[in-house]
Ligand code: AMP
Ligand code: MG
């Protein structure tokens, strides 16, 4: 029996589980690779990126209007200036602007030599070749100087930042076609259980469809893994051992679901102890208590309980930080705080993650309403929730209005 004199801790706190996971994950850091900008969204930057040039690269107009010398602007009343040329964004160089002259200009066009100010079109009148400018514009207005956004040499993006659309835009503004990012952890997902049947196949007596393949697979892909393989494995020690060994050879992280509790067909704890290494087994958490963390072959192993909600919660709360650490992400996922809509009596001392709806009122207060269906087998509770809210370890009574941590689920806010 694994539990007797086990050489690993059993029944750790959520904090201890997290600390041990991060320690192991840090030793499994991903190497880096080049990604085309088109394929880099969501990836983690492997190095600091400095601006290779000023952005914008030249002083340009912030408005459609007329470029002129600020010294020529009227202090009061109106003034006539001679229109001597034009320059449009992407157009050719305009003649230099002489005293009491101006050049028609569009947004983004380079400020012509001699000019230092743009009067916007709406503040002028045109009469033949003359522009009438009213007092009110100050010298230097509507000019975007070179380097006002990024100066050449500035650190623009920090190593570890997650590349979203804005960051990709910044890289593109530097002219980069590709970017060095952390390799995505290669994941193998093993769903285990004799009762499991593929979607599309009819159910026999006592059978269920393998929903974890999709809920956990989708969650993991959203957290940045490359799912290289999924296998369904029977509750058979030989088949499980074989699948585990093979998974540990090619993957950076192996995720299993099912077979990790104390039932007659729960072979994983003993198998992992034999084939690989158990770092800890069982966490003082609900749902997901039987979670086992360890290693197999070259890979990190996260053995999730089969209950769909347990696996979902553990993946969100404990597997995701492991993936972020492996990729060198420098920002933890958003943690919110929300007030409980109603009092809760937890009736046990373990930490508990409840599925809840979030709603922000007009005073800016975030409220959490626990879902009515909290069973660890009820995916409905997850499908209809916005977040997991944490009822911390130790405390049992939570008052209405009390503030709790909330971990948003993928897709919230919409
Ligand atoms: P286990 O952790 O193997 O004891 O499984 C706990 C519960 O989760 C049982 O009711 C299983 O039928 C169910 N379960 C296990 N694996 C899956 C899966 N891949 N998809 C949906 N339910 C599952
Ligand atoms: Mg099972």
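So here's what we get for this one:
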quantity	calculated
Distance cut-off 12 Å, percentage of C-alpha pairs in region 363-414 lying past it	70
Theoretical ellipticity at 222 nm over the chain - DSSP helices of four or more residues, -39500 (n - 2.57) apiece, nearest 500	-5000 deg cm²/dmol
For region 308-387: span of alpha carbons on each principal axis (Å, largest first)	38, 34, 26
Volume per residue of the C-alpha convex hull in region 22-89, rounded to whole Å³	230
DSSP bridge orientation in region 166-318 - percent antiparallel, rounded to nearest 5	30
Rg followed by Dmax, in Å, when the chain is reduced to its Cα trace	30.3, 97
Of all DSSP beta bridges in the chain, antiparallel share, percent nearest 5	65
Cα-Cα P(r), region 60-144, percent of pairs per 10 Å interval	22, 60, 18, 0
DSSP-defined beta bridges in region 1-144 - what % are antiparallel, rounded to 5	80
Cα centroid separation, region 367-396 to region 93-123 (Å)	61
Sorted by Cβ density within 10 Å, fewest first, the residues 214, 150	214, 150
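Bear in mind these aren't lab numbers, they're just calculated from the coordinates by the rules spelled out. The structure displayed is predicted, hence computed values, not measured ones. A quick note on method: Cβ atoms are made from the backbone with ideal geometry, for glycine too, and the neighbour counts reach across all protein chains shown.
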